[in-house]
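S.K.: So that we are looking at the same thing, I have put the structure below in structure tokens.
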Amino acid sequence: MTGTLLLSIVGIGLVDSINPSLFIAQLYLLTTVRPVPRVLSYIAGGVLAYFIGGVLILTGARAVISDGLAQASPTLLYGLQLALGLLFLGFGLWLKTDAPLGEARKPRSLTLWASFVLGIVVIGNEVTTALPYFVAIEQIAQAQMALPENLLALVIYNLVFSLPLFAFLLIFVLFRQQWAGIIERINQGVQRWMPRIMKWLAIVFGAGLALNAAVYLLTGTALLG
């Protein structure tokens, strides 16, 4: 795995990790009895579902992409990158930052299994808008690595994706006594800043992809190679 691909995966994973729905569900679980094991089970369910989904997509897409890349010209590939960048940019411009956030799905049971399933359900609801993950999977497939390296890349992505969830849990553990006030401030921060951060990260990332591809199509030399 090249350093460029690693940095790209980490960067995209950070963009993808800023997901208000995941935080809202986690904040609910932190208000329940025995919250730490429930949150860990919730994170495990979501990350496992995301990882397996990535493996399935990558396994199915790899053969097609490998055959296509062998025959595709650089102009076509950068044309696709331009389209992808514009799609990312359009998503960022379309994303509303003042829309009310929906309530988190709450499990009917407070067992660890229910928390695990909740993580799977929340991730399942986000699949249709998981554009960053699809971008990362495409880049991993284009690298044409061996299966162990592909799996490692997906593991790294999902670890980065889950870091904010673990950070929230760590805040809870360290400041359990002050949690009532902290949870209110965190909720306000999530409501106010997460959509804005996601919007601008998508815009910047999409504009970067589009600019890199456009420069290649106009000059024959890409900015990032």
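The values are calculated or read from the model by the stated rules, or taken from the named source; none is laboratory data. Keep in mind that what you see is a predicted model, and the values were worked out from it rather than measured. Reconstructed Cβ throughout: ideal geometry from the backbone, glycine too, with neighbour counts over all protein chains shown. For accessibility, only protein heavy atoms count, side chains too; no ligands or nucleic acids. Shrake-Rupley method; radii C 1.70, N 1.55, O 1.52, S 1.80 Å.
S.K.: Test residue 128 against the stated conditions and say whether it is in a helix (DSSP H, G or I), open to solvent by 80 Å² or more (accessible area, probe 1.4 Å), of a type in the set (S, T, N, Q) and modelled with pLDDT of 70 or more.
M.R.: no
S.K.: Return the pairs, sorted by first residue and then second, in which the second residue is part of a helix (DSSP H, G or I) and crowded, with 18+ Cβ neighbours inside 10 Å, the first residue lies in the stretch 36-55 and is among the basic types (Lys, Arg), the beta carbons are less than 6 Å apart, and the residues are 6+ apart or on different chains.
M.R.: Going by the 6 Å Cβ cut-off, the qualifying pairs are 38/29; 38/115.
S.K.: Separate question: Mind counting the residues in the stretch 13-37 that are at pLDDT 80 or above and within 15 Å of residue 121 (Cα to Cα)?
M.R.: Residues in the stretch 13-37 being at pLDDT 80 or above and within 15 Å of residue 121 (Cα to Cα): 2 in total.
S.K.: Hey, could you check the stretch 1-18 for residues that are surrounded by 17 or more Cβ atoms within 10 Å (Cβ to Cβ) and among the small types (Gly, Ala, Ser) and say which is farthest from residue 169 (Cα to Cα)?
M.R.: 8
S.K.: Turning to a different aspect of this structure: For the condition over 23 Å from residue 1 (Cα atoms), modelled with pLDDT of 65 or more and in a helix (DSSP H, G or I), what is the one hit in 155, 121?
M.R.: Only one candidate passes the filter, namely 121.
S.K.: Also, quick follow-up: Scanning the stretch 45-57 for residues that are under 16 Å from residue 113 (Cα atoms) and aliphatic (A, V, I, L, M), which turns out surrounded by the most Cβ atoms within 10 Å (Cβ to Cβ)?
M.R.: Only one residue fits best here, namely 49.
S.K.: Quick one: how many residues across the stretch 201-225 are among the hydrophobic types (A, V, I, L, M, F, W, C) and not in a helix (DSSP H, G or I)?
M.R.: Summing the residues that are among the hydrophobic types (A, V, I, L, M, F, W, C) and not in a helix (DSSP H, G or I) in the stretch 201-225 gives 3.
S.K.: What number goes with the only condition from (1) of a type outside the set (Lys, Arg); (2) modelled with pLDDT of 85 or more; (3) surrounded by 13 or more Cβ atoms within 10 Å (Cβ to Cβ); (4) under 24 Å from residue 51 (Cα atoms) that residue 210 does not pass?
M.R.: (4)
S.K.: Something else: Can you pull out every residue in the stretch 19-44 that is open to solvent by less than 40 Å² (accessible area, probe 1.4 Å), outside any helix (DSSP H, G or I) and polar (S, T, N, Q)?
M.R.: Answer for the stretch 19-44, where residues must be open to solvent by less than 40 Å² (accessible area, probe 1.4 Å), outside any helix (DSSP H, G or I) and polar (S, T, N, Q): 19, 32.
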